[in-house]
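Colleague: Let me give you the structure first, and then I'll get to my questions.
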Amino acid sequence: MNPDPAAVDTAVVGGGILGLATAWRLLSDRPGSRVVVLEKEKAVAHHQSGRNSNVLHAGVYYRPGSLKARTCREGKRRMEEFLAAEGLPWRRCGKLIVATAPEELPRLAELERRAAANGVEVRPLGAEELREREPAAAGIRALEVPESGITDYGAVCRRLAQRIAAAGGEVRLGVRVRRIEERRGAVRIATTAGDLEARLLVNCAGLHSDRVAARVGLRPAARIVPFRGEFFELTPAARARAGLERLLYPVPDPAFPFLGVHLTPTVTGGLHCGPNAVPALAREGYSWARVSPVDLAGTLTWPGTWRLARRFWRTGWGEVRRSLSRRAFARALARLLPGTTAADLVPAPAGVRAQALGRDGALIDDFLIQSTARTVHVLNAPSPAATAAFAIAARVAAAVAERRAG
Ligand SMILES: Cc1cc2nc3c(=O)[nH]c(=O)nc-3n(C[C@H](O)[C@H](O)[C@H](O)COP(=O)(O)OP(=O)(O)OC[C@H]3O[C@@H](n4cnc5c(N)ncnc54)[C@H](O)[C@@H]3O)c2cc1C
């Protein structure tokens, strides 16, 4: 399969947006080097990168100074440049984060402070101004984020794969990495399509990133616990009634890393609703029917799972109810968009978030990258990692360069 296996400079596990952005960055930094992406599915962006909200996040929510805050700003700028240069679909439609009850106002004020600290321009709006922007929306106050946008991250991934091939790299599809052995001068990789040797390895395996890391003896302090996000599409009639131009978000619960069900105009003219956040019974569990005993045992034997469940059982139960009842899902949306009913919702494909969960039950909030002598691992890359992909890739490529020099 590979005529000169020793010539592979860097093998990247995972053909999602992070693996592809990293491979492309490595090729841009060292033209002519041999970079190979190994992806177990038959197409790129089969998991998180092709099953998300497709929002270009401006960087309002993240703790100032965190890797998320810094890479989101930088990554969004780079992503917009890429989208414009490549002629891919995107739009700065703006976002409204809407408080619907007085108890949400302190949290909205905190978001305004965070936005200022992160260098994101926001405008506080009263109820009247909110309705001037979006007549169908309800709320008592809102924060307008003019630079938030939408795109199609699946299309970004497909274009990156083309660019990688054009730059002399390879994206090998249908190749699952089974074992990795880190040796003194190289990394030996056993795959379903034979063995190969590379000088360095990057792990961008998303939902399986902790397992890939464990294969080189790295014991991440957190385990990936899969959280499914279910989506609906608004029917054309409901969409026309809503007439939404901007993204419409609730005020999130700061203790929970998910943003709450929201409404997202899509680049193809649709109106996406969701995602909720329910425990998935398999790492690639896109419905309740998809159960993996191995994955489930991995989740249930992790002490952090039970600690998390004790803290969040009430929030979690609300999310499960919204998963089992379309009417409950519609009620959550109706707080933002009054009049929304179950009849307005058509099921759309779900996504599963790779969320790292600490032993102590803490959901790891920030992006997490760890390395060994010859390998670099992205171990927590939830939202806004698609927005931030090019900035994360720059950091991963810098870690690879250090290892090559070392
Ligand atoms: C419901 C949902 C909504 C989201 N909304 C947004 C949003 O609006 N904006 C935003 O910025 N971010 C959003 N995100 C987050 C974003 O989608 C992810 O952070 C991003 O896609 C992560 O990319 P990745 O490359 O790390 O993972 P993935 O896209 O999951 O890619 C990992 C790849 O590794 C492959 N792989 C795994 N194991 C192996 C192996 N052993 N051998 C070979 N290949 C392997 C998998 O098949 C997969 O293709 C959302 C995520 C979800 C789930």
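Read the figures in this text as sums done on the coordinates, not as results from a lab. Quantities reported herein were computed from a predicted structural model and do not represent experimental measurements. Glycine gets a Cβ as well: all are built from the backbone with ideal geometry, and neighbour counts include every protein chain shown.
Colleague: Tell me, in nm to one decimal, what length is gained between Ala297 and Arg311 on full extension, where the rule is 0.36 nm per residue of separation less the Cα-Cα distance? Show your work: numbers first, answer last.
Modeller: On the way: separation 14, 0.36 × 14 = 5.04 nm, distance 2.05 nm.
Stretched fully, the Ala297-Arg311 segment lengthens by 3.0 nm.
Colleague: While we're on this one: Multiplying the sequence separation of Ser66 and Gln162 by 0.36 nm and subtracting their Cα-Cα distance, what value in nm do you get?
Modeller: Value of the extension gain: 31.3 nm.
Colleague: Residue farthest toward the positive end of the dipole of segment 56-204, with Cβ of Lys/Arg at +1 and Asp/Glu at -1: which of Leu196, Gln162, Ala127?
Modeller: Going by the Cα projections, it comes out as Leu196.
Colleague: Give a residue-ordered list of calculated ³J(HN,Hα) values for segment 285-293 (Karplus: 6.51 cos²θ - 1.76 cosθ + 1.60, θ = phi - 60°; whole Hz; x for Gly, Pro).
Modeller: 3J(HN,Hα) across segment 285-293, in whole Hz: x, 7, 8, 4, 6, 8, 10, 10, x.
Colleague: Please report Rg (one decimal) and Dmax (integer) in Å for the Cα set of segment 67-127.
Modeller: 14.7, 44
Colleague: Something else: Mind ranking 264-274, 112-122 by how tightly packed they are, going by the mean number of other C-beta atoms within 10 angstrom, highest first? It would help to have the intermediate numbers written out before the result.
Modeller: Details: 264-274: 18.9, 112-122: 16.8.
Taking the mean over residues of other Cβ atoms within 10 Å, the ranking is 264-274, 112-122.
Colleague: Rg and Dmax of segment 1-79 over Cα atoms: what are they, in angstrom?
Modeller: Computed over the Cα atoms of segment 1-79, radius of gyration and Dmax are 15.6, 49 Å.
Colleague: Share of Cα-Cα pairs in segment 316-394 beyond 19 Å, in percent?
Modeller: 59
Colleague: Right, another one. Normalised by the number of residues in the chain, what is the relative contact order in percent for Cα pairs under 8 Å and 6+ residues apart?
Modeller: Working: 892 pairs, mean separation 95.4, N = 406.
Result for the chain is 23 percent.
Colleague: More than 33 Å apart: what percent of Cα pairs in the chain qualify?
Modeller: Counting every Cα pair in the chain, those more than 33 Å apart make up 32 percent.
Colleague: Mean projection of the alpha-carbon convex hull of segment 221-362 over all orientations, in nm²?
Modeller: For the Cα atoms of segment 221-362, the hull's average projected area reads 8.7 nm².
Colleague: Over its Cα atoms, what ratio of radius of gyration to 2.2 N^0.38 Å does segment 98-205 give?
Modeller: 1.86
Colleague: Still on this model: Specify, per residue and in Å³, the volume enclosed by the convex hull of the alpha carbon atoms belonging to segment 1-137.
Modeller: 168
Colleague: DSSP loop trypsin sites (Lys or Arg not before Pro) in segment 346-385 with at most 13 other Cβ atoms within 10 Å of their Cβ, which ones?
Modeller: Arg359
Colleague: Name the lysines eligible as straight-distance cross-link partners of Lys68: C-alpha to C-alpha under 25 Å, and not fewer than 8 places from it in the same chain.
Modeller: Lys76, Lys95
Colleague: Within the chain, what percent of beta bridges assigned by DSSP are antiparallel, to the nearest 5?
Modeller: 70
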